[in-house]
1. Could you give the length gained by full extension between M203 and L319, i.e. 0.36 nm per residue of separation minus their alpha carbon distance, to one decimal place?
2. Say R0 is 45 Å: what FRET efficiency, to the nearest 0.05, do R155 and L44 get from their beta-carbon distance?
3. Please give the charge dipole size of the range 66-366, origin at the Cα centre, charges +1 on K and R Cβ atoms and -1 on D and E Cβ atoms. Round to the nearest 20 debye.
4. How many nm separate the modelled label positions at R259 and S245, each set 7 Å beyond the Cα in the direction of the Cβ?
5. With 10 angstrom as the radius, rank S202, S100, S123 by how many other C-beta atoms surround their C-beta, starting from the fewest.
6. Could you give the length gained on full extension between A84 and Y389, defined as 0.36 nm per residue of separation minus the Cα-Cα distance, in nm?
7. Compute the FRET efficiency between A145 and T333 as 1/(1 + (r/R0)^6), taking r as their Cβ-Cβ distance and R0 = 30 Å, and round to the nearest 0.05.
8. Taking only the alpha-carbon atoms of the range 88-245, what semi-axes of the equivalent ellipsoid follow from 5 times the gyration tensor eigenvalues under a square root, in whole Å, largest first?
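Readers should treat all values here as calculations from the given coordinates under stated rules, not as data from a laboratory. Source: prediction; values computed, not measured. Quick reminder, even Gly has a Cβ in these numbers, built from the backbone with ideal geometry, and neighbours come from all protein chains shown.
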Amino acid sequence: MRLAMTRQPTPSPGRPRTPRRLSELTTHAWFWFVLMPYLVGTFLLLAAVFALNPHRPGDPGAPAAAWNYQREQIAVDGGGVGNAVARSAIGAAAGMAKGSIERQRDVFRLNLLDFVVGRSLASDLGAWRDGWRLPLQGGTTIVLAALIAYGVLRRPTRRTWLVAALLLVTATLVVTRPHTTTRFAAAPGMAVPELTTRAAASMRLDSAGADAEQVRERLAGRYWTEFVAYPLSRLQTGGPVLAASPPAGKAGVLDLLRRRVVGVNDWVIGRHGPERALIAGSAVVYVLPFALLLGVLAMIATCAQALSYLLCLAAVAVLPLTAEPRWRRAILTWWLLPLGAAVAVLAAASLGSLGVLWLGQLIHSADEQLSLLLAGSIGPLATAVLAGYWLRSRRARRVALGGA
């Protein structure tokens, strides 16, 4: 008798096959079929929220104090093509640097999903509760008493009645305290970036002895100084003398330099257009990769922050379900582990953004020092490199001709 042999399809090495039961869900499968859909769904939700309810500049929650980079005046005088290119390029560099800093401040300062929709929904829920206070109180009391009586008198084997009673209690807490609920849901997303900032300070990303806000302000200030203030000072004076000056005092220092230093006035009025264009163009090239990386990290942190907010809100409905033992494994898979993963992603993205700010200013500062050290030997060094390349190519040709 012949047996029909069927060949099983080989699963692809990338994304795992869809598990049929919860017990078959491995770590790799959980990442693809649980965490990734959660993050993608959160990203789409944020996109829809910002499209339907964009942030307005006059909304509450703006930072109380302005940092130094916000007081900087980007001004490049002079006519001609070179000065126009320099003006546009330094403006673009300043815009990218400022935008990347602002995105990080938003992550560390507030929970965007709670700020945009959570607080307004809590206010609407409170207004609705005030209008239906008596029916809600009476209905909740009757339903809760009926559930408790059913559980005490019938003594069912399953605890569905207890789960329903606990859900009713938690729903009552949400309806009566909506602002407290949203505040507690947003607390983990605010606490994690705060803790990562303290961890960054302990790892000497900035000077010790400062609070989290001061650490972030100093890192952002140094990042701005290296990528914007230094090239802007060269555009205005031909040197880095204005880079370390406070924004409020740069105009006075510049006037003093124009009167006492020969050649500074030529830079101020725009007689070095080609040099200005080269300096501003290099500033754009320098800041672009760091601004893009900071933007990506801010987007990842915002998605993780919003996901933790949604999962903490879902705790109102999820925690009562733990009273039933048969649902605990599903709660672990679909709620607790994603919440821990969201917190871990938020911590990694927050710490990574602080590291990028520190690394950016470190690399740019090292490049400045290297340029100063090699300023008098660029010509001989370039000549030596070209001579070595010419000798190597000549030797290679001789070897080829000898072999032929």
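1. Taking M203 through L319 to full extension adds about 38.1 nm, to one decimal.
2. Calculated transfer efficiency: 0.45.
3. The calculation lands at about 760 debye.
4. 1.3 nm
5. Numbers: S202 9, S100 27, S123 13.
Least to most surrounded, the residues fall as S202, S123, S100.
6. Full extension of this stretch gives 105.9 nm more.
7. According to the calculation, E is roughly 0.30.
8. 55, 19, 11
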